[in-house]
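Since the structure comes first, as structure tokens, the remarks are kept for the end.
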Amino acid sequence: MRYRILISALCAAALLFLCHDTLQSQTGLAHGGPDGMYVDLGNWVLPATVDGRQADAYRIERRVKGSREWTPVADVRGPSSAAELSGTLAGLATRFPELHDVTIDAALLYQRLSEGRDLKTIGMASRLLPVQLALGVRYLDTGAPRAELLEYRISHVLADGTVREAFVTPAANWPGAGDVATLQGHRTTGEPTAISVRYRVGGGLPPSDFRVFRREGLQGAFTELSTEVLDSCCTVSKALTLENDTMICLVYDKTVRKGTVYQYYMIPQDYFRNEGPVSDTSTVLSFRMSHVPLPERMKVHSIDTAGLLLTWRLREPSAVAGILIERGPKIDSGFVELFTAGVNDTSFLDMTITPMKRYYYRLRLVGPDGNRSSPSAVLIGIWKTSEEPVPPNGVQARAVDGGVRLSWESDTVQQLDGYYVYRSGGEGMEMQQISIRIPPTQTSYIDTLGLLGSRSYYYAMKSENTSHVQSPLSDTVSAVPGIIVTLAAPRGLNARVAGTQVHLYWDQQHNRSEGLMGYQVYRRSAEDRAWRPLADTLLESWENAMTDTDVQPGARYEYIVRAFGAVGDSSAPSLVAHAEIPIPDVYPPANLTAQPQGRIVSLRWDEIAQPSAKEFRLYRYTRGRTPQLVKSFSLDIIGYVDEIKERESPVFYYLTTVGQAGQESPPGREVAVILR
């Protein structure tokens with residue numbers, strides 16, 4: 001009982017400190033409660049002398065707001081003896097169970113009434129709601145109509161029966177709404193014989209009291225806990241207290257069974273016992289983790305190609321909800337949570353480790369309520385694997401100034417210690433290691449060791465893990481170093497015209513020029529003096545001839561050729577070679593005939609097969625006059641009908657052929673037409 005009384009004292013202190021304005025009686029006010037209307041009567045315990053007159057009782061009358069008729073409710077007086085006060089308080093204990101937790105000396109309280117009948121004289125006990133009801137300065141109207149706005153008229157009844165100083169309260173109704181702060185789970189503690197649950201009071205008006213509900217296990221109905229003492233060893237105490245200026249609702253439950261899970265929630269109440277929002281639920285186990293034996297037979301095994309395997313055994317698994325595995329870089333610090341194993345698990349394989357590195361492990365037991373035990377002894381493990389790592393991916397080689405740059409993809413999956421670069425001087429030649437170990441975070445390497453700019457080099461790489469096991473060689477890549485090679489200008493360039501083609505050739509030199517990759521031929525004309533390549537790609541190094549087919553008859557061209565090396569460097573141009581494309585002869589169509597019909601003449605001629613021909617031209621004239629062009633025809637036309645308007649006769653016709661270069665052939669055979 002001593003512990004319970006101490007908690008109650010803290011409750012009263014917090015109540016008075018935090019709720020001063022809420023708890024003191026306020027004259028002329030009515031408040032709705034869960035079971036009726038609480039009416040403030042005044043600050044004097046009657047009978048008493050008030051303002052020089054003897055007031056015998058408070059008279060309470062009630063009406064529904066808007067009504068004119070007052071209904072008598074009660075005449076209220078204070079206690080006439082200490083025994084009456086004690087009996088009244090005892091009767092109120094049913095409605096106010098917290099009175100079981102508060103020791104009120106009725107004789108001392110009544111003695112103070114004899115010294116002064118106002119609340120200030122009586123002291124802080126008068127701030128408690130049941131004490132105010134027992135003293136007759138507040139009245140609970142349980143007969144008031146529910147959900148109606150009610151007004152109360154409060155009067156002093158004098159000793160001679162007259163009534164004076166009547167006042168009317170503001171309208172109010174019941175049941176009231178609890179305007180109190182929410183409760184939030186703060187801390188729980190489980191022991192084999194007791195459980196303490198603390199809820200923190202959030203923002204808003206602090207509660208004056210709270211109800212506590214509990215259930216055994218995680219299912220089933222909750223029941224309200226009572227603070228009434230039934231057995232001195234099995235009690236429930238609750239209190240309002242302060243922790244670092246934060247108000248705490250505390251319940252200490254000694255009615256629990258060892259090793260059992262319980263759930264609790266609280267409902268805050270305001271001064272008039274109106275209930276606020278329900279708190280969240282707290283789950284507590286009635287035992288201490290320190291009473292549960294830690295895991296036994298703990299070992300660490302290195303599993304090749306897998307990782308480090310931890311094994312253990314639990315002596316009492318029924319009291320455990322899980323096994324927390326922690327790993328750290330040192331034996332005494334830096335431990336972090338790695339995995340939570342099930343209560344029936346006896347092993348854990350750690351695959352997130354680096355070979356040949358020392359790791360430290362320890363275990364903790366987790367109770368059903370989430371509490372954790374102290375750590376176990378520390379285990380030490382080193383993993384060594386014989387599994388080959390995968391070679392580097394995405395290996396590429398490209399020329400850079402003075403050498404070859406290798407690059408590859410970063411590998412954060414394998415536990416690598418580094419990379420090695422291998423090189424060969426030609427296809428089919430043996431690879432030789434050329435680098436020391438390259439750090440695993442590096443993704444490039446530049447080779448400048450004994451390279452020639454005239455040769456292709458082949459590269460491959462290996463990975464090495466922290467167990468010092470190397471991978472096979474990666475895919476092979478090749479590159480020509482970015483080293484400039486001096487190339488000789490091609491010699492002996494000649495251009496030979498053959499019809500509408502120009503054949504170009506020069507001296508062979510791939511056997512006498514190191515690093516020669518190919519040739520590029522350039523051309524310019526009399527109209528366009530810029531040198532332009534004849535092809536988009538290089539000729540091979542063994543080729544020394546090319547034919548230019550894109551030439552125009554009558555055009556003059558100049559040609560040069562350059563040699564190119566492996567890294568794009570070129571030689572000086574060769575000497576210029578000249579070519580002039582002849583204009584081919586064209587001939588007029590044969591067998592021109594003319595058939596007149598009046599002034600209409602039908603003309604026909606033979607087809608021609610001349611690749612250099614472009615079109616036909618038909619001319620007409622009369623004797624002594626200049627021939628006139630009648631019409632030009634495409635090469636697929638072999639006839640035409642001409643209408644003659646002139647009167648002169650005879651009329652002569654002939655044909656010519658025009659070539660692709662614009663040259664016109666001599667006139668063909670003439671035909672004469674006599675008009676009739």
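The values are calculated or read from the model by the stated rules, or taken from the named source; none is laboratory data. Here the structure is a predicted model, which is why all the values come from computation and not from measurement. In this analysis, Cβ positions are derived from the backbone assuming ideal geometry, glycine residues included, and neighbour counts consider all displayed protein chains. Just so you know, the surface numbers come from the protein's heavy atoms only, side chains and all, with ligands and any DNA or RNA stripped out. Shrake-Rupley method; radii C 1.70, N 1.55, O 1.52, S 1.80 Å.
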- Query: Based on the mean of other beta carbon atoms within 10 Å per residue, what is the order of 125-137, 610-622, most packed first?
  - Reply: 125-137, 610-622
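Consider all pairwise Cα distances in the stretch 192-308 and report the whole-number % of them above 24 Å. Please list the in-between numbers first.
Values: 2780 of 6786 pairs.
Cα-Cα pairs in the stretch 192-308 separated by more than 24 Å: 41 percent.
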- Where in the stretch 155-222 are there trypsin sites (Lys or Arg not before Pro) that are in a DSSP coil and have at most 10 other Cβ atoms within 10 angstrom of their Cβ? none
- Binned at 5 Å from 0, what are the whole-percent values of the Cα-Cα distance distribution for the stretch 218-281, short to long? 4, 12, 19, 26, 21, 13, 5, 1
- Item | Angle between the chain longest axis and helix 82-92 axis [Cα atoms, degrees, rounded to 10] | 30
- Message: Could you give each residue of the stretch 643-648 its phi-based ³J(HN,Hα) in whole Hz, using Karplus coefficients 6.51, -1.76, 1.60 with θ = phi - 60°, and x for Gly or Pro?
- Response: 9, 9, 9, 6, 9, 6
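Taking the Cβ-Cβ separation of THR547 and GLU580 as r and a Förster radius of 25 Å, what is the calculated FRET efficiency to the nearest 0.05? Could you put the intermediate results ahead of the total?
Working: r = 16 Å, r/R0 = 0.66.
It comes to 0.90.
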- Note on the structure: the stretch 230-289 and the stretch 551-572 have their Cα centres apart by a whole-number Å value of 98
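Ranking request for peptides 457-467, 382-392: highest mean number of other beta-carbon atoms within 10 Å first, then the rest in descending order. Spell out each step's value before the answer.
Values: 457-467: 20.9, 382-392: 17.5.
Top of the packing list down: 457-467, 382-392.
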- Could you work out the equivalent-ellipsoid semi-axes for the stretch 551-667, taking the square root of 5 times each eigenvalue of the Cα gyration tensor, largest first, in whole Å? 49, 14, 10
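Using the reciprocal of the averaged 1/r over all distinct C-alpha pairs, how large is the Kirkwood radius of the stretch 242-326 in Å? All intermediate terms of the calculation are to be shown ahead of the outcome.
Working: mean 1/r = 0.0566 Å⁻¹.
Kirkwood radius, the stretch 242-326: 17.7 Å.
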- Query: Stretch ARG257-GLN595 to full length: gain in nm at 0.36 nm per residue minus the Cα-Cα span?
  - Reply: 108.2 nm
- Does anyone have the angle between helix 106-115 and the longest principal axis of the chain? Alpha-carbon axes, 0 to 90°, nearest 10? 80
- For the stretch 154-248, what is Rg from Cα atoms divided by 2.2 N^0.38 Å, rounded to two decimals? 1.72
- Query: So what is the accessible area of the stretch 200-282 per residue, in Å², with the probe set to 1.4 Å?
  - Reply: 46
- Degrees separating the helix 2-18 axis from the principal Cα axis of the chain, which is the longest one: 70
- Based on the Cβ-Cβ distance of THR622 and ARG532, what FRET efficiency does E = 1/(1 + (r/R0)^6) give at R0 = 45 Å, to the nearest 0.05? 0.30
- Item | Calculated P(r) tail over 19 Å for the stretch 83-165, as whole % of Cα pairs | 50
- Item | Net charge contributed by nearby residues that have their C-beta within less than 10 Å of ILE600 (K/R +1, D/E -1) | -1
- Rg to Rh quotient for the stretch 27-100, alpha carbon positions, Kirkwood Rh: 1.02
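Note down the Stokes-Einstein diffusion coefficient of the chain in µm²/s, whole number, using a Kirkwood radius over alpha carbon pairs, 20 °C, and 1.002 mPa s. Walk me through the intermediate numbers first.
Working: Rh = 38.8 Å.
The estimated diffusion coefficient comes to 55 µm²/s.
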- Task: For ARG164 and MET356, calculate 0.36 nm times their separation in residues minus their Cα-Cα distance, and state this gained length in nm to one decimal.
- Result: 59.4 nm
- Out of residues 5 or more away from GLY403 or on other chains, whose amide H comes under 5 Å of its own, with H placed 1.01 Å from N in the peptide plane? GLY482
- Orientation-averaged projected area, Cα convex hull of the stretch 294-402 (nm²): 10.5
- Label points 7 Å out from Cα along the Cβ direction at GLN501 and HIS301: separation in nm? 8.1
- Quick one: pull the percent of accessible area on the chain belonging to carbon and sulfur, 1.4 Å probe, ligands and nucleic acids left out. 49
- Would you kindly work out the equivalent ellipsoid of the stretch 399-540 from its C-alpha gyration tensor and give its semi-axes, the square roots of five times the eigenvalues, largest first in whole Å? 46, 16, 13
- Message: Counting only pairs 8 or more residues apart or on different chains, how many lysine pairs in the chain have their Cα atoms under 22 Å apart?
- Response: 12
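How big is D for the stretch 612-667, in µm² s⁻¹ as a whole number, if Stokes-Einstein is applied with the Kirkwood radius of its Cα pairs at 25 °C and 0.890 mPa s?
Working: Rh = 12.3 Å.
Value of D from the Cα-based Kirkwood radius: 199 µm²/s.
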- Stokes-Einstein D for the stretch 123-167 at 4 °C, 1.567 mPa s, Kirkwood Rh over Cα pairs, in µm²/s? 99
- If R0 = 45 Å, then VAL630 and SER570, at their Cβ-Cβ distance, give a FRET efficiency to the nearest 0.05 of 0.20
- So ARG288 and GLU670, fully extended at 0.36 nm per residue minus their Cα-Cα distance, gain in nm 124.4 nm
